[in-house]
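The values are calculated or read from the model by the stated rules, or taken from the named source; none is laboratory data. Because the structure is predicted, anything quoted here is derived from the model rather than measured. Cβ atoms come from the backbone with ideal geometry, glycine included; neighbour counts cover every protein chain shown. Calculation scope for accessible area: heavy atoms of the full protein, side chains included, ligands and nucleic acids excluded. Shrake-Rupley method; radii C 1.70, N 1.55, O 1.52, S 1.80 Å.
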Amino acid sequence: MEELLKFKKSYLKRIQDKDIPQIVNWLNDPNFNKLLYQGWETVTTESFSKQILEEEKIEDAEIFSQYSNDTNQIVGWCGLFFPSNSQHKQAKKAEIRSFVGTEFWGQGFGTEQYIMLTRLGFEKFNLNRIFFGTHEKNIGTQKIYEKLGFNKEGILRQDFYHHEFADIHLYGILYLEYVQKFKKLFQEYENKN
């Protein structure tokens, strides 16, 4: 399967069956999944495969695996999820859902993942708004979004439960903001690394 978008450290490809066992391993790690907004419970390869098919059908989701350029090893999972009701479609918006495997944290893969998804959303899918929610303790993701020019739009207080209540921090970026500042940040990041 062909690369969809390539950057300095990694590239995106449509998710493949061979990726799912590694993704399921990450999702079943209790130290990892406690920070995911989705609040994953134990999943199997079969249940996750079924979920992917449902999300692609119901939410018109575009779901990808992220691979390292150096090793061609899967390092993360991500996607753009398009709300299904007609009002949301007219608003031309999508939600980013994503993660990088714990063994790859702190290596720049998360930053590249968000850059590539944002470019796809605005340049391929002609979106007006891209948004994302993250667990209050997921400080790394919050720092990446702020560094890339996403605006903190609010906090959903105690909106999440996974053994304890937690707040969800909401971020978003508009197409106009992308044109005015994100493209410049993208170019600076590309030239810097």
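Would the stretch 91-101 turn up any residue that is part of a helix (DSSP H, G or I), modelled with pLDDT under 90, open to solvent by 10 Å² or more (accessible area, probe 1.4 Å) and among the small types (Gly, Ala, Ser)? No, because not a single residue in the stretch 91-101 is part of a helix (DSSP H, G or I), modelled with pLDDT under 90, open to solvent by 10 Å² or more (accessible area, probe 1.4 Å) and among the small types (Gly, Ala, Ser).
Within the stretch 69-107, if we keep just the residues that are of a type in the set (Ser, Thr, Tyr) and within 16 Å of the chain's Cα centre (by Cα), the residue that is nearest to residue 135 (Cα to Cα) turns out to be 98. Cβ separations smaller than 6 Å between residues 6+ apart or across chains give the following pairs from the stretch 153-174 residues that are within 15 Å of residue 138 (Cβ to Cβ) and modelled with pLDDT of 90 or more to residues that are of a type in the set (Gly, Ala, Ser) and assigned to a strand (DSSP E or B): 170/133; 170/154. Residue 127 meets each of the listed conditions (1) out of contact with any strand residue (DSSP E or B) (no Cβ under 6 Å at 6 or more places or on another chain); (2) in contact (Cβ under 8 Å) with a residue 40 or more places away in the chain; (3) crowded, with 21+ Cβ neighbours inside 10 Å apart from (1). Scanning the stretch 110-143 for residues that are part of a loop (DSSP other than H, G, I, E, B) and of a type outside the set (A, V, I, L, M, F, W, C) yields a count of 5.
Within the stretch 154-172, does at least one residue satisfy the condition of being surrounded by fewer than 20 Cβ atoms within 10 Å (Cβ to Cβ), under 15 Å from residue 78 (Cβ atoms) and in contact with a Ser or Thr (Cβ under 9 Å, 6 or more places away or on another chain)? No: zero hits. Whether any residue in the stretch 103-113 is among the aromatic types (Phe, Trp, Tyr) and open to solvent by less than 10 Å² (accessible area, probe 1.4 Å) is what I want to check. Taking every residue of the stretch 103-113 in turn, none turns out to be among the aromatic types (Phe, Trp, Tyr) and open to solvent by less than 10 Å² (accessible area, probe 1.4 Å).
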